[in-house]
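To start, the structure under review is shown below, and the notes come after it.
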Amino acid sequence: MPEQLRHAILGVGGVGGLIGGSLARCGFPVTLVVRPEVIERYPRHLQLESPFGKCEADFAVLAEVPPVDFLWLAVKATQLDEALTSITHPESVKAIVPLLNGIDHVAVLRSKFGNEKIIPATFAGETERVAPGHIIHRSPFARLNVSSAGRLLLEGPLGQLQQFGFQCQFIDHEPTLMWSKLAFLAPFALTSTAADKTSDEFLSDPHWRDMGLSCIRETCAVAVAEGAKLNADTVIAGALQMGKFRMRSSMQKDVEQGKPPELDAIAGPILRGARRHGIAVPATEKLVEAVEQRAGLSPSAVR
């Protein structure tokens, strides 16, 4: 049995549910934190279906974050402010590991809880909550990259997740950690949503493939200007490889379901960074406009 480090999941969607179910499968005590209005009817039993294996476990379900060693923050960026109200006693949380899409949330969390408590991390993979307490991990991989600032605290839990099937890595350079995900996520999310196609479908379409790959190059240019160590050709090679898995982005699913997409969190850092550094990003701008039209958003939603 692993050391009994206590974990809580705030945001029990696809990513949070996968992390929570996997940690429970590894033997860690896990608490799910949900909105007060749903706590009475929220299931205490979580079912996880994954290429790594199935997991069913009972969980404590609370409306406030209890004293824990690790709080895994996996809410949508659009829900962050509301979710943080459940952290009523931040002094009782040893470390917060945010897994939100985008970059700007890290500074927000540090301003609220202090630098030492926040351990930036990123997740890559397709996973979905199909019903409360029922998580389906669809991609054949789950990649969890974490800032090296958390190595001493998280080496044990990440080692257990690797045994379950995760690919885990500590990254020394924070801008590279955060922009490495965004350089893949933003083009994938924007293109899949604008085209309303799965990854393999838009990569097979010359127009959308060119738009997506151009967006990668533009994002990498902004990332490098922001201090990240990225190579556009390397990111493109990885994106083409991952694109073979026929994935759909969470932004695409949100638009289909009439939910607000994380457009500002995902595209905002690219557009704002491009303005700061005088970098042209025409493909990214066109994709954002197409997503705004599909989602019925104001053209000024991400500017």
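Coordinate-derived values only; no laboratory data. Owing to the predicted nature of the structure, the values given are computational and were not obtained by experimental measurement. Cβ: placed from backbone, ideal geometry, glycine included. Neighbour counts: every protein chain shown.
Between Rg and the Kirkwood Rh of the range 93-212, both from Cα atoms, what is the Rg to Rh ratio?
1.01
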**For a label point 7 Å along the Cα-to-beta-carbon line of A57, residues of the range 119-137 with backbone N under 13 Å** = none
**Item:** Dipole of the chain, positive direction: furthest Cα of P269, Q252, G159, with charges on the beta-carbon
**Value:** G159
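Could you tell me what % of all Cα pairs in the range 141-268 have separations over 18 Å? If you can, show how the numbers build up before the last one.
On the way: 4710 of 8128 pairs.
Pairs farther apart than 18 Å: 58 percent.
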**Request:** List, largest first, the extents of the alpha carbons of the range 1-59 along their principal axes, each in whole Å.
**Result:** 34, 25, 17
**Request:** Of the listed pairs K117/K286; K94/K253; K76/K197; K229/K259; K94/K259, which have alpha-carbon separations greater than 27 Å here?
**Result:** K117/K286; K94/K253; K229/K259; K94/K259
**Item:** Cβ charges +1 (Lys, Arg) and -1 (Asp, Glu), total dipole of the range 161-296, debye
**Value:** 80
**Message:** Please report the spacing between the Cα centers of the range 118-140 and the range 281-299 in Å, no decimals.
**Reply:** 26
**Prompt:** Relative to the Cα centre, what is the charge dipole magnitude of the chain, using +1 at the beta carbon of each Lys and Arg, -1 at the beta carbon of each Asp and Glu, and rounding to the nearest 20 debye?
**Reply:** 180
**Asked** Please state the equivalent ellipsoid semi-axes for the chain: what are the square roots of 5 times the Cα gyration tensor eigenvalues, largest first, in whole Å?
**Response** 31, 20, 19
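Which percentage, to the nearest 5, of the DSSP beta bridges contained in the range 3-68 is antiparallel? Walk me through the numbers before you get to the answer.
Values: 4 of 11 bridges.
Around 35 percent of the beta bridges assigned by DSSP in the range 3-68 are antiparallel ones.
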**Message:** Using only Cα atoms and rounding to the nearest 10 degrees, what angle (0 to 90) does helix 174-195 make with the longest principal axis of the chain?
**Reply:** 70
**Prompt:** Considering only DSSP beta bridges whose two residues both sit in the chain, what percent are antiparallel, to the nearest 5?
**Reply:** 30
